[in-house]
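So that we are looking at the same thing, I have put the structure below in structure tokens.
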Amino acid sequence: MSGAIFLLSGEQLVEMHERPYNSEDLLQTLLAKYPNLLAGDQLAGSPRQWLLVNREVGVPDREAGSNRWSLDHLFIDQDAVPTLVEVKRSDDTRIRREVVGQMLDYAANGVVYWPAERLRADFEARCAKEGTDAGEVFRDSLGDELEPEQFWDMVEQNLLSGRIRLVFVADLIPAELRRVIEFLNERMSPTEVVGVEIKQYVGQGNLTTLVPRVVGQTEQARVQKPSGQSRTEVGWDYYEARLQPDRLALVRSLFDRSEEAIEERGLGWVPRLRAGYFAFQRPGGYNCAGADIYRERPVEFWIKLPLPPDELRRLGHEVVDPYPELESRWDGHNKLWRWAVPTLDAAPDAGRAIELTSRYQPSDGPMPIPAS
């Protein structure tokens, strides 16, 4: 390798020369300890923050199967996008072709056979092994504004929709690999594919500087990639290809019952099918009712309310739980009253919930907050 950078320290100019890493493990260890080396500030959109799930994350190739492969690192960013990282040194001949096949194996199987609960358990197990508090690590990594339950729900939805990020890391990305990265990034949506070069410069006294640079973000890829939580609509064939028959039947039943209840009341709400949920919206794109779809956890049927049920009752509103037989929770971040529906036999009469939320849904504009 060649090249130099110069560090001005007081009146002294320190010349630092590019050097290869002594081992691949050293680069992997640096990434785990300093996730900002992934250059999240250089990626499209707002700067990325990183939560390390773990190193050497196992990837199965079938439902409930044992791990077939091992991914170098798995990170998740503040938008709950799983980020798969594979590290190679530039002098490793596998960096030109084999690493691409490896990464595609990990991605194709991870999105199908990684339930979010498994990733959360891996993260918490890492924290326990390191003697750290998982809650504190979560907040230190991603900030105080994210609510963990909602975050892991979003991870599940992103896995279902294929909204993940593939990152190839090396001290130098060869031209052949760079072109493959650009090709994949332009054609894989909503999956993002990038490379990160992390060059090492060493000066006198073992002074070391690490310089990351993102490659693969062509203008075409920037235009095509979603900038926030994916809003792409899907069809029933999308669910049929990804859900077990009993789960698919439950989702279809909840959808049909909601649609019938909405039509009976002449509400005119429009259905929207998304990768991880379906919703019925009134004019302006405001969600009123729907269900979140998971592979492992129970499907959650929900309605939108302006305030928590207890608060509405305190204000004198008659708000009765329409489904006391189901486990429920208030999702304050999204203002949703949610009910877990474990099986098709437990699917409720959607009309009772639709009737409740319709009291608070205006013909247009945001849902008003009732006066005290």
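Within region 1-30, how many residues are within 11 Å of L210 (Cα to Cα) and assigned to a helix (DSSP H, G or I)?
2
Are any residues in region 318-338 acidic (D, E) and either buried (at least 18 other Cβ atoms within 10 Å of the Cβ) or under 18 Å from P148 (Cα atoms) (or both), and if so, which ones? Walk me through how you get there before you give the answer.
Initial filter on region 318-338 (acidic (D, E)): 318, 321, 325, 327, 331.
Within region 318-338, D331 is the sole residue that qualifies.
Find the helices (runs of 4 or more DSSP H) located wholly in region 213-268 whose residues include 3 or more that are at pLDDT 95 or above, among the acidic types (D, E) and over 26 Å from V112 (Cα atoms), and list them.
Details: elements: 219-224, 236-242, 245-264.
In region 213-268, the matching helices (runs of 4 or more DSSP H) lie at 245-264.
Given the criteria acidic (D, E), in the same structural domain as P245 (by TED's automatic domain parsing) and not in a loop (DSSP other than H, G, I, E, B), does E300 qualify?
Numbers: acidic (D, E): yes; in the same structural domain as P245 (by TED's automatic domain parsing): yes; not in a loop (DSSP other than H, G, I, E, B): yes.
For E300, the condition - acidic (D, E), in the same structural domain as P245 (by TED's automatic domain parsing) and not in a loop (DSSP other than H, G, I, E, B) - is met.
Among the residues of region 63-107, count how many are part of a loop (DSSP other than H, G, I, E, B) and over 18 Å from the mean Cα position of the chain (by Cα).
Taking region 63-107 and keeping what is part of a loop (DSSP other than H, G, I, E, B), we get 63-66, 78-81, 88-92, 96-97.
Right, trim to over 18 Å from the mean Cα position of the chain (by Cα) and you get 63-66, 88-92, 96-97.
Adding up the residues that qualify gives 11.
Now, a different point. Does R120 satisfy the condition of being closer than 22 Å to I173 by Cβ, free of Cβ contacts under 8 Å to residues at least 60 places away in the same chain and in a helix (DSSP H, G or I)?
Working: closer than 22 Å to I173 by Cβ: no; free of Cβ contacts under 8 Å to residues at least 60 places away in the same chain: yes; in a helix (DSSP H, G or I): yes.
So R120 fails the test.
What residue, of L159, L172, L142, is touching a Leu at 6+ places or on another chain (Cβ under 7 Å), touching a residue at least 12 places away in the same chain (Cβ under 8 Å) and either hydrophobic (A, V, I, L, M, F, W, C) or surrounded by 14 or more Cβ atoms within 10 Å (Cβ to Cβ) (or both)?
Numbers: L159 fails: touching a Leu at 6+ places or on another chain (Cβ under 7 Å); L172 fails: touching a Leu at 6+ places or on another chain (Cβ under 7 Å).
After applying the criteria, what remains is L142.
Hey, another quick one. Quickly run through region 305-320 and pick out the residues that are modelled with pLDDT of 95 or more and either on the phi > 0 side of the Ramachandran plot or touching a helix residue (DSSP H, G or I) at 6+ places or on another chain (Cβ under 7 Å) (or both).
Once the filter is applied, which keeps residues that are modelled with pLDDT of 95 or more and either on the phi > 0 side of the Ramachandran plot or touching a helix residue (DSSP H, G or I) at 6+ places or on another chain (Cβ under 7 Å) (or both), region 305-320 yields L305, V319.
Ok, one more. Among the residues of region 57-72, is there at least one that is crowded, with 16+ Cβ neighbours inside 10 Å, at pLDDT below 90 and out of contact with any His (no Cβ under 7 Å at 6 or more places or on another chain)?
So far as region 57-72 goes, no, none of its residues is crowded, with 16+ Cβ neighbours inside 10 Å, at pLDDT below 90 and out of contact with any His (no Cβ under 7 Å at 6 or more places or on another chain).
What pairs can you find where one residue is in region 243-255 and under 13 Å from V341 (Cβ atoms) and in contact (Cβ under 8 Å) with a residue 40 or more places away in the chain, the other is surrounded by fewer than 17 Cβ atoms within 10 Å (Cβ to Cβ) and not charged (D, E, K, R), and their Cβ atoms are less than 8 Å apart, with a gap of 6+ or different chains?
Within 8 Å, the pairs are D246/T343; D246/L344; A249/L344; L250/T343; L250/L344; S253/L344.
Look at region 80-98 and say how many of its residues are surrounded by fewer than 20 Cβ atoms within 10 Å (Cβ to Cβ) and of a type in the set (V, I, T).
Here the count works out to 1.
Going through L356, L336, L305, L344 one at a time, which residue ends up being under 30 Å from V111 (Cα atoms) and touching a strand residue (DSSP E or B) at 6+ places or on another chain (Cβ under 8 Å)?
Values: L356 fails: under 30 Å from V111 (Cα atoms); L305 fails: under 30 Å from V111 (Cα atoms); L344 fails: touching a strand residue (DSSP E or B) at 6+ places or on another chain (Cβ under 8 Å).
Result: L336 is the single residue among L356, L336, L305, L344 that is under 30 Å from V111 (Cα atoms) and touching a strand residue (DSSP E or B) at 6+ places or on another chain (Cβ under 8 Å).
The values are calculated or read from the model by the stated rules, or taken from the named source; none is laboratory data. Values in this document were obtained by computation on a predicted structure and should not be read as measured data. Reconstructed Cβ throughout: ideal geometry from the backbone, glycine too, with neighbour counts over all protein chains shown.
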